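The values are calculated or read from the model by the stated rules, or taken from the named source; none is laboratory data. Since the structure is predicted, the reported quantities are computational estimates derived from the model, not experimental observations. FYI the Cβ positions are ideal-geometry reconstructions off the backbone, even for glycines, and counts take in every protein chain you see. We work out accessible area using only protein heavy atoms, side chains counted, and drop any ligands, DNA or RNA first. Shrake-Rupley method; radii C 1.70, N 1.55, O 1.52, S 1.80 Å.
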Amino acid sequence: MVSYKTEILRTISGLIDEQNSKGLNKYGHSLEDCDPSDYDWNLMVIEELIDALQYQQKEINRLQDSKGMTFNKYQELSKRTLPPLWESSEDRKLQISNYAMGLAGEAGEVVDLLKKHVHHGHKLDREALVSEIGDVLHYAAGLCTLIGVVDLEGAASYNIMKLKKRYPNGFSQEASINRTV
């Protein structure tokens, strides 16, 4: 999986290469061959580096903000890609069915990636796995929105309460076999 730091550095490098191309077109030589007296060239490079650093800071801020993501914030952001909410009950049933099938399909993709890793000897593609788990989360959030009974955070809280009741001392095979709830 490509780290955010690697992606930011790749972006900065690309911006510098782009600026180098502009300088090559304008001055007829690359940054490495630049004469220090070419003030405009140096200023242009410095301005591009400042832009790149500002971009990097925005990306760092965005990533730090996403670390504080709640289920409800995720659900709200995920609504952007929901189809328009239809009013008729038959149309609403179709939307709910679409999202339920989408959830099952994405869960199947998670299972398929793990099956290939565990049973077929494939290397685990962690980036693809994270992507598919994100898709599962999107469809679950969409179902919560479409049904309108509970938000994603409420569903998560309910599930934790259920698991605490079912396994008060944590999971064990014995507790699973003999569970009453």
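Find the residue count for the range 101-120, including only residues that are of a type in the set (A, V, I, L, M, F, W, C) and surrounded by 15 or more Cβ atoms within 10 Å (Cβ to Cβ). The qualifying residues number 4. Which residue is most open to solvent (accessible area, probe 1.4 Å), if the candidates are limited to the range 137-159 and must be assigned to a helix (DSSP H, G or I), within 17 Å of residue 97 (Cβ to Cβ) and of a type in the set (A, V, I, L, M, F, W, C)? Filtering the range 137-159 for residues that are assigned to a helix (DSSP H, G or I), within 17 Å of residue 97 (Cβ to Cβ) and of a type in the set (A, V, I, L, M, F, W, C), the one most open to solvent (accessible area, probe 1.4 Å) comes out as 147.
Applying the criterion of being among the hydroxyl-bearing types (Ser, Thr, Tyr) and either modelled with pLDDT under 70 or touching a strand residue (DSSP E or B) at 6+ places or on another chain (Cβ under 7 Å) (or both) to the residues of the range 31-78, the residue that is farthest from residue 149 (Cα to Cα) is 37. Name the single residue that is most open to solvent (accessible area, probe 1.4 Å) among those in the range 76-93 being not in a helix (DSSP H, G or I) and not hydroxyl-bearing (Ser, Thr, Tyr). Going through the qualifying residues, I end up with 87.
Residues that are outside any helix (DSSP H, G or I) and among the polar types (S, T, N, Q): does the range 95-117 have at least one? No - not one qualifying residue is present in the range 95-117.
For the range 73-96, the set of residues classified as of a type in the set (S, T, N, Q) and over 30 Å from residue 125 (Cβ atoms) consists of 88, 89, 95, listed by residue number.
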